[in-house]
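Remarks on the structure that follows.
The values are calculated or read from the model by the stated rules, or taken from the named source; none is laboratory data. None of the values given here were measured: they were computed from a predicted structure. Don't worry about glycine lacking a Cβ; one is built from the backbone with ideal geometry, like all the others, and counts go over all protein chains shown.
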């Protein structure tokens, strides 16, 4: 059943969008706990930066490799209960992580969390589109900002609940995973009713052809450009998400808890930028948001490694987060507009590629930090936003309409 040909339900369904945003907040809170407690794992298990990078690689790979496959699977065989199933994997992974005493157990635990994420993101993104009432930019921003807020809350909660008491307190976050499952159940009921309604409306009629905005050749080229932009964005984001705390501890001598609070400030900036990016893209065009977002972050990323003041470093990281984060909702909706009949596949491809790039980048940057020092990571990564110049080659879909 080609559910993706139904562009929306009867008008925008805010209660579903809010519930999906809350679930995204819970999901990404749980995910961000992993990177927030890296200093504790490094100290307790005697890990190197390369092994920290390996943990991120396994987690991101489990999420990224599975996401396009998950999206494609549920494009063809939709299930109303996919979201609670995915969160159950996350719950088990967190409990295992809390009591892991070896690197191998840590790797298995983060892989389970990654599998849970691989189910959640493409499915929740598809439901966001179906509940958007045609306002896909706004809906995607509401959905994404929940994730960004969750990514901000994770380090803060880890600083309060885990850092002072030890790694075993990670188990407390399984309570949040259970609450998320409870929130997902009403969404599942809504989706089940929608699927039944769509099946009745199809009634054996021939599938409606959906007009693509560009020829297939240009569509593939445009998607390739968007993936290059994801590549540049998430390499730099990986440097901040995985190693920003280590950078602050090394360069400014702050405590683990203080470094997590500065990471929280950066992640709050990403939430604000995400909320702004979608609606602006609806009004002025997604291409221009992508221009301003990725390329606009370059001055701040280039300056930050050469600043020796902690406050100015925090300000620059805030500016980077604010500008760079608005790109992903615009990129994702742009890609969904290129292939409107494959929402799950496109969502899984872009979420998965983003996670994969972040995972590989974390492993490579970890080795770079081991050999050349943590400051070298930011001297190299500061140039990544300049790749945003390839935005020039994207067609303006808003103008084509």
When restricted to 72, 40, the only residue surrounded by fewer than 19 Cβ atoms within 10 Å (Cβ to Cβ), modelled with pLDDT under 90 and more than 30 Å from residue 262 (Cα to Cα) is 72
Flagged in the stretch 97-109 as surrounded by fewer than 24 Cβ atoms within 10 Å (Cβ to Cβ) and touching a helix residue (DSSP H, G or I) at 6+ places or on another chain (Cβ under 9 Å), in numbering order, are 98, 99, 100, 101, 102, 103, 105, 106, 107, 108
Taking the options 382, 321, 373, name whichever one is on the phi > 0 side of the Ramachandran plot and at pLDDT 85 or above. 373
For the stretch 293-372, please list each of the helices (runs of 4 or more DSSP H) lying entirely inside it that holds at least 2 residues being under 30 Å from residue 76 (Cβ atoms) and in contact with a helix residue (DSSP H, G or I) (Cβ under 9 Å, 6 or more places away or on another chain). 327-338, 343-372
Of all residues in the stretch 153-205, which are free of Cβ contacts under 8 Å to residues at least 40 places away in the same chain and assigned to a loop (DSSP other than H, G, I, E, B)? 165, 203, 204, 205
Among residues belonging to the stretch 138-161 that are surrounded by fewer than 24 Cβ atoms within 10 Å (Cβ to Cβ) and over 16 Å from the mean Cα position of the chain (by Cα), point out the one that is farthest from residue 242 (Cα to Cα). 138
Hey, residue 94 buried (at least 21 other Cβ atoms within 10 Å of the Cβ), closer than 25 Å to residue 176 by Cα and modelled with pLDDT under 85 or not: no
